[in-house]
Amino acid sequence: MTESTAKTTQTNRRTFLQWSIFGLLFTFFGAAVNMVIRYLMPAPKAMKVKELEIPIAQIPLEGSMKLEYQGSPVILIHTEEGFSAFNATCTHLGCLVKWVPKEKIFFCPCHAGKYDRRGNVIAGPPPEPLHMIHIKVREDSIIFV
């Protein structure tokens, strides 16, 4: 190999490495700028639904339905006492609770938190009851207001 060929190959390698490092730094800088801009911009406002209507026939006695209402997970239950709706977020650490129809309780599987059918804490670490969602029962439907 001649001396001019060796210099050309070495220069090409050096140029490739310089461009690679420049590309990585540019990508890192672009990602950092993107994060800063997204942090400074206000969050988009979700459209709030004024009313949500669920047919009564969809929820059998001692049954439940999970849904989302105004951006929050909600559990709608049907007991002997009627219909109730609660925010499905556990008041302990924000896990999602589920309705256990055999025991007639809400159960948080993360830390064994238990709530009765009215949302009151009966066992475990939750510091406060589940938050109730206001509903109205009209003829053949349940309306969230």
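The values are calculated or read from the model by the stated rules, or taken from the named source; none is laboratory data. Everything numeric here is computed off the predicted structure, so don't read it as measured data. Ideal geometry is used to build each Cβ from the backbone, glycine not excepted, and the neighbour counts take in all protein chains shown.
Only one of the numbered conditions (1) surrounded by fewer than 17 Cβ atoms within 10 Å (Cβ to Cβ); (2) part of a strand (DSSP E or B) is not met by Pro127, and that is (2). Between Glu103, Glu68, Glu62, the distinction of being assigned to a strand (DSSP E or B) and either in the same structural domain as Gly124 (by TED's automatic domain parsing) or without any contact (Cβ under 8 Å) to a residue 24 or more places away in the chain (or both) belongs to Glu68 only. For Arg117, the requirement of being of a type in the set (D, E, K, R) and surrounded by 17 or more Cβ atoms within 10 Å (Cβ to Cβ) is met. For the stretch 44-60, the candidate set comprises residues that are loosely packed, with under 13 Cβ neighbours inside 10 Å and within 12 Å of Phe144 (Cβ to Cβ); within that set, the residue that is modelled with the lowest pLDDT is Val49. Exactly one residue among Val145, Val100 is modelled with pLDDT of 85 or more, hydrophobic (A, V, I, L, M, F, W, C) and out of contact with any Leu (no Cβ under 8 Å at 6 or more places or on another chain), and that residue is Val100. Residues considered: Gly94, Gly82, Gly63. Of these, the only one that is more than 21 Å from the chain's Cα centre (by Cα), loosely packed, with under 13 Cβ neighbours inside 10 Å and small (Gly, Ala, Ser) is Gly82. Could you say whether any residue in the stretch 111-126 is out of contact with any Gly (no Cβ under 7 Å at 6 or more places or on another chain), touching a residue at least 60 places away in the same chain (Cβ under 8 Å) and either outside the structural domain of Met65 (by TED's automatic domain parsing) or closer than 19 Å to Met65 by Cα (or both)? Checking the stretch 111-126: not a single residue is out of contact with any Gly (no Cβ under 7 Å at 6 or more places or on another chain), touching a residue at least 60 places away in the same chain (Cβ under 8 Å) and either outside the structural domain of Met65 (by TED's automatic domain parsing) or closer than 19 Å to Met65 by Cα (or both).
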